[in-house]
1. Quick check on the stretch 267-284. Is at least one of its residues surrounded by fewer than 18 Cβ atoms within 10 Å (Cβ to Cβ), over 23 Å from residue 127 (Cβ atoms) and in contact with a strand residue (DSSP E or B) (Cβ under 9 Å, 6 or more places away or on another chain)?
2. So residue 86 ticks every box in (1) touching a strand residue (DSSP E or B) at 6+ places or on another chain (Cβ under 9 Å); (2) surrounded by fewer than 16 Cβ atoms within 10 Å (Cβ to Cβ) but one. Which box is left unticked?
3. If I ask for residues that are touching a helix residue (DSSP H, G or I) at 6+ places or on another chain (Cβ under 7 Å) and assigned to a loop (DSSP other than H, G, I, E, B), which ones from the stretch 58-75 would you list?
4. Out of all the residues in the stretch 1-57, which are out of contact with any strand residue (DSSP E or B) (no Cβ under 8 Å at 6 or more places or on another chain) and in a loop (DSSP other than H, G, I, E, B)?
5. What is the residue count in the stretch 76-98 for residues that are within 16 Å of the ligand (Cβ to nearest atom) and either at pLDDT below 95 or part of a helix (DSSP H, G or I) (or both)?
6. Tell me the helices (runs of 4 or more DSSP H) entirely within the stretch 139-246 that contain at least 2 residues that are under 12 Å from the mean Cα position of the chain (by Cα) and near the ligand (Cβ under 10 Å from one of its atoms).
7. Condition test on residue 124, is it within 14 Å of the ligand (Cβ to nearest atom) and touching a helix residue (DSSP H, G or I) at 6+ places or on another chain (Cβ under 8 Å)?
8. Can you go through 96, 11 and tell me which one is exposed (fewer than 13 other Cβ atoms within 10 Å of the Cβ), without any contact (Cβ under 8 Å) to a residue 24 or more places away in the chain and under 29 Å from residue 221 (Cα atoms)?
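The values are calculated or read from the model by the stated rules, or taken from the named source; none is laboratory data. Not measured: the values here are computed from a predicted model. Using ideal geometry, Cβ is built from the backbone for each residue, glycine included, and neighbour counts are taken over all protein chains shown.
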Ligand code: NDP
């Protein structure tokens, strides 16, 4: 690695640490009784978020397609200390389901303090094969349902000085090979909610928006796709979930987890050849 690259890397790390040290501190008591809707919570990071919210004594509604799995997550949330835990099965590929889910949460919880948008439709880890229909469907699940739910929940979040939490990916900022459609949906989220962030701030809205940029996390579905193909460490889903919750609760604009995803994103703009090298040499063709 050249001197310039080393200098850039050290500077970014120092800047990141400075930002971390000055970040507001998290008080878990602030989540006791908080009314939370988490999407994609039947497994993976969403499931882990549901358990953390449960431990913190929140009132939660979770959603996903598989009723049985949702039921089990709800039971565990209650045993961990959730004041309330309910589920509603929904498919975010259906046009009316995003509204149905928000309506259910508003009715059962009497409003919302947190809307945590986390679900994703399935996509393969493979070379782009020209399947535009799948891309269209994925956009519906991973992007359009997010903006539909955010819009529906906004009046209640305004009333409660609430928070919108968007789970995004480093792939949405630093395009990775073999996930072209997934990457596009995450870029769309970053663009839309980045823009909405300004609009809300400019009209002095009560609602905070947090965009969470995650690197590789050890969920079953992610590991199934990339096992043996990616030479970067996978970070624990439970840690990622806790970091997302803290970011929302402290109303921070952004989360980068693990920390080096931030470095990747900055290098991508400052010195693209380095990210190109890393991308093309840390990922093998499926
Ligand atoms: P999982 O695949 O483990 O979980 C996805 C969730 O979405 C499940 O609860 C699933 O439930 C639900 N879901 C899937 N399809 C639909 C649908 N059509 N309608 C409604 N719900 C659906 O994902 P992860 O936990 O790995 O990822 C969670 C978030 O973190 C995502 O936004 C992802 O982009 C982001 N992320 C993850 C990374 C990783 O390495 N794991 C890396 C970077 C970002 P069900 O099957 O019951 O419908």
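1. no
2. The number of the failed condition is (2).
3. Correct list: 58 only.
4. Matches in the stretch 1-57: 1, 2, 22, 23, 24, 25, 26, 27, 32, 56, 57.
5. In the first step, residues of the stretch 76-98 are kept if they are within 16 Å of the ligand (Cβ to nearest atom); the result is 76-77, 85-98.
Restricting the remaining residues to those that are either at pLDDT below 95 or part of a helix (DSSP H, G or I) (or both) gives 76-77, 97-98.
Count: 4.
6. Because the criterion is at least 2 residues that are under 12 Å from the mean Cα position of the chain (by Cα) and near the ligand (Cβ under 10 Å from one of its atoms), the helices (runs of 4 or more DSSP H) in the stretch 139-246 that meet it are 180-202.
7. In short, yes.
8. Residue meeting the stated conditions: 96.
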